[in-house]
Amino acid sequence: MNRLLPPLALIAGLACAIPASAQFQKSEDAIKYRQGAFRVMAEHFGRIGAMANGRVPFDAKVAQENMALVVALHKLPFSAFAEGTDKGAPQRARPEVWKDGAKFKAAIERMMSEVAKLDAAAKGGSLDAVKSAFGATGGACKACHDDFRARDYSSN
């Protein structure tokens, strides 16, 4: 339980910030917000991936705990991709995020759908189900990265 307290505190803090996220004072604030949310989400997604890929032993409880954090975080970054947040701080978001909003939204929806499936698999406790759903979720993330994330940070 003590291991969960710091991530839960972070989630609680981020949840309180959700209403404010629509009204970032500066584009730099939005950029940092989404980068932070992605970073924490990726950490917990990676822990599930380590189990799915056999790098660490599968523990259904640990997978469920990490998946709960991914679910809590996976919607947060996207409110911070508002108009005008393409500049203001170094970032890896490509201009296509704002130029092709419909395609970006479809990529987000695909990722969210796959996260829900991975969550169900983790709750089921089956390593095989987690492996399958993890692969599909990772594929959705990669597709979005391929289209909308630059390899290097911008210089603005």
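Structure summary
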item: Structure-based [θ]222 nm, the chain - -39500 (n - 2.57) summed over DSSP H runs of at least 4, per residue, nearest 500; result: -23000 deg cm²/dmol
item: The chain, relative contact order in percent, only Cα pairs under 8 angstrom and at least six apart counted; result: 28 percent
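The numbers here are math on the coordinates, done by the rules we state, and not lab data. For clarity, every value in this text was computed on a predicted model and none was experimentally measured.
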